[in-house]
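The values are calculated or read from the model by the stated rules, or taken from the named source; none is laboratory data. Quick caveat: nothing in here was measured; it's all calculated off a predicted structure. Glycine gets a Cβ as well: all are built from the backbone with ideal geometry, and neighbour counts include every protein chain shown.
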Ligand code: CMP
C-alpha cells in the first residue's frame with residue numbers, strides 16, 4: 001500500500017554534494033518526493049528527534065554530527081516506502097555497507113557507523129512521528145493513511 005516515510009540527507013551528504021545523486025536514485029526507484037526542505041538543526045531539535053538514543057554512548061557525538069551543517073529532510077512516498085527506503089539506504093554502518101551492499105546509498109556516500117549520510121524511519125509508527133516532527137502541516141495526510 002502507498003506509504004510515506006521520512007528521509008534525511010545528513011550534513012556529510014549535503015556537504016559532499018550527494019544530494020542530486022540521491023534525489024535521482026530515489027526517483028528512479030519509484031519514490032515521489034512529496035515534500036522537502038533544507039534545515040539547519042540545533043541541539044535541542046536533534047535531542048528531541050533522536051530521543052530514543054539519548055542514553056547511548058554515541059549520543060553527544062551524534063548531536064555534534066547532526067548539527068555540523070544543514071540537512072535535507074524529505075517525505076518520500078511509494079508503495080512500501082518505509083522498507084524500500086531502508087533497503088535502498090543499506091546497513092547503518094556505511095563501512096560495512098561498502099562490502100555487503102556496494103550499490104546502497106550509504107555505501108556510496110557514507111563513511112562509518114555514525115557518518116552514514118542518510119536516515120530513514122524504521123517503522124510505521126516512527127514514520128508517522130518523524131514526518132509530523134518536521135512537517136506539522138501533514139497531520140491530515142498522515143492520519144488519512146492510517147485509517
Ligand atoms: P540513524 O539511522 O539516523 O539513527 C541513529 C543514528 O545514530 C545512526 O543513523 C547513526 O548516524 C548514529 N549511530 C548509530 N549507531 C552508532 C554507533 N554505534 N556509533 C556512532 N553513531 C551511531
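Hey, among the residues in the stretch 48-67 that are in contact (Cβ under 8 Å) with a residue 24 or more places away in the chain and buried (at least 16 other Cβ atoms within 10 Å of the Cβ), which one's farthest from residue 10 (Cα to Cα)? Filtering first and then ranking leaves 49. Quick one: residue 87 ticks every box in (1) within 13 Å of the ligand (Cβ to nearest atom); (2) assigned to a helix (DSSP H, G or I); (3) under 15 Å from the mean Cα position of the chain (by Cα); (4) surrounded by fewer than 16 Cβ atoms within 10 Å (Cβ to Cβ) bar one, so which box is it? It fails just one condition, (1). Of the listed requirements (1) within 16 Å of the ligand (Cβ to nearest atom); (2) part of a helix (DSSP H, G or I); (3) closer than 20 Å to residue 77 by Cα, residue 107 misses just one: (3). Name the single residue that is farthest from the ligand (Cβ to nearest atom) among those in the stretch 117-137 being surrounded by 18 or more Cβ atoms within 10 Å (Cβ to Cβ) and part of a helix (DSSP H, G or I). That would be 128.
A quick yes/no check of all residues on (1) farther than 10 Å from residue 75 by Cα; (2) within 15 Å of the ligand (Cβ to nearest atom); (3) modelled with pLDDT of 95 or more; (4) more than 13 Å from the chain's Cα centre (by Cα):
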| site | (1), (2), (3), (4) |
| --- | --- |
| 1 | yes, no, no, yes |
| 4 | no, no, yes, no |
| 7 | no, yes, yes, no |
| 19 | yes, no, yes, no |
| 31 | no, no, yes, yes |
| 36 | no, no, yes, no |
| 40 | yes, no, yes, yes |
